[in-house]
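Okay, structure first, notes after.
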Amino acid sequence: MTAKTQDAKGRQESREKLMKILTILMKRTLRLGLLAFTVTSATFFLVSLIPGDFFTALEANPNIRPETVTRLREQYGLGDPVYLQYVHWVQRSLHLDFGYSLFYGSAVSSVVANALSNTLWMGVPALLLGCFAGAILGTFHAVHQQRPAGYLLDFLSAVTLSLPPLILGLAALMFASGTQWFPVGGMSAVSLESPHPLAWILDRLHHLALPVACIGLPVTAIVEKIQYAAAKNTLVQLHVRSARARGLSRRRILLMHVLLPSLNPVLSVFGPLLGAVLSGSLVLETIFSWPGLGKATYDALFNTDIYLLLGCVACGGVLLALGNLVADLLLFLLDPRTRHFSNEAF
C-alpha cells in the first residue's frame, strides 16, 4: 500500500469518525429537547394540583383587599387556566424568556444562572474528586480483594451508600459546630468585604470543604463498587498476564493495564452520577445555606413559585442530558470498540 493510499484511507476514517460524532450530537440534542419538554410539562401540571399559589398567603391579610390579590394574579398570568398558563410559558421560553420569580423578585433566567454557577462550584469538585478517588480505591480493592484492606473497603462503601444526604449533612453540621474548624454555612465569611484574591480563594475552599465531602463520599462509594467489579475482571485478562510475563513493573501494570482499561463502566454512569450530585445538592444546599440550584428549587416549591420551579427543573434536566452526552462522547473517543456499535447505541 502506497503512502498516498494510506493518507487517503486515513482521511476517510477521520471523516467517518466526525460524521458519527455529529450524528451522536444531533440525536442527543433532539433527546435533550424532548426531555426538557416532558419534564417541564409534568412538573407544571403536578404543581398545578397543589392548592393555592404564591399570592394565597395575601388573602389572609385583612389589610389587603381581594381586588388587589386578583389584580396581582392577572398581572403575572396566574389567573388564567392551567393549560393556558403553560402554553404562554412555552411560547415565552422559545424566546428565552422563562418568566419572573416572585419569591426572588428577579427574572427566572438570572436566578437560575446565578444558582447554577454556585451549584457547579460545589458539584464539579465533588464529582471529579469522587470519581478519581473511587477509581483508585476500586482498583486497590480488586488487587486486595481477599485481604483485610479489601474487606474494610467493602464495609466502608456499604456504610456510605446506606447514609442518605440528609444524615451526612446533619452529621457534618454537628461536626463543624462542635469543632469550629469549618463554617456551618454560606459561601464566604461576612468579614471578607474586599479581600485579596488569594484570601477569597482560601475562604471559598474553606466553605466548600464540608459540602463537597458530603456529596463526594457517596460518589466515591458508587464509583469504587463499579471500578472494583471492572478491575476484578480485568486482572484475569490475557493482556495483564502478558504484561507480568514481560517483567513490567507492578505500578505500570496497575495503571496502564488494569486501571485505565477498566474505566469504561465508570464513564458510562457519568450522567446518573451527575443526577445523584444534583439530587444530593437539593438537600445539602438547604442544610449548608448554599445559594445553589437545589436551594432555589426548594424555595420555589415551598413558596409555589411555579416559573422558578420550571426553570430549575428544566436546567436540571438539561444538565443530566449533557452529562450523558459527555459520557457517550468520552466512550466513543477513548474506546475504539464502541465506534463499531455507535449507530446502534446512539
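Figure legend. Inter-residue proximity from segment 185-206: first residues closer than 17 Å to Leu284 by Cα, second residues modelled with pLDDT under 70 and part of a loop (DSSP other than H, G, I, E, B), beta-carbon distance below 9 Å, spacing 6+ or different chains. Indicated pairs: Ser188/Pro195; His206/Ala189.
For segment 230-251, the condition holds for at least one residue, the condition being that it is of a type in the set (Ser, Thr, Tyr), in contact with a Pro (Cβ under 7 Å, 6 or more places away or on another chain) and more than 12 Å from Thr119 (Cα to Cα).
Just one of the numbered conditions (1) touching a residue at least 24 places away in the same chain (Cβ under 8 Å); (2) more than 14 Å from the chain's Cα centre (by Cα) is not true of Ala245: (1). In this structure, is Thr304 more than 19 Å from Gly169 (Cβ to Cβ), of a type in the set (Val, Ile, Thr) and at pLDDT below 80? Criteria not met by Thr304.
Condition check: under 20 Å from Ala171 (Cβ atoms), hydrophobic (A, V, I, L, M, F, W, C) and modelled with pLDDT under 80. Does Leu282 satisfy that?
Values: under 20 Å from Ala171 (Cβ atoms): yes; hydrophobic (A, V, I, L, M, F, W, C): yes; modelled with pLDDT under 80: yes.
Criteria met by Leu282.
Looking across segment 142-162, the residues that are within 26 Å of the chain's Cα centre (by Cα) and buried (at least 16 other Cβ atoms within 10 Å of the Cβ) come down to Leu153, Ser157, Thr160. Considering segment 23-72, and only residues there that are over 39 Å from the mean Cα position of the chain (by Cα) and not in a helix (DSSP H, G or I), the residue that is surrounded by the most Cβ atoms within 10 Å (Cβ to Cβ) turns out to be Ile64. Taken over segment 186-224, the criterion of being exposed (fewer than 14 other Cβ atoms within 10 Å of the Cβ) and either within 22 Å of the chain's Cα centre (by Cα) or at pLDDT 85 or above (or both) is satisfied by Gly186, Leu205.
The values are calculated or read from the model by the stated rules, or taken from the named source; none is laboratory data. This one's a predicted model, so the numbers in the text were calculated from it and none came from an experiment. Ideal geometry is used to build each Cβ from the backbone, glycine not excepted, and the neighbour counts take in all protein chains shown.
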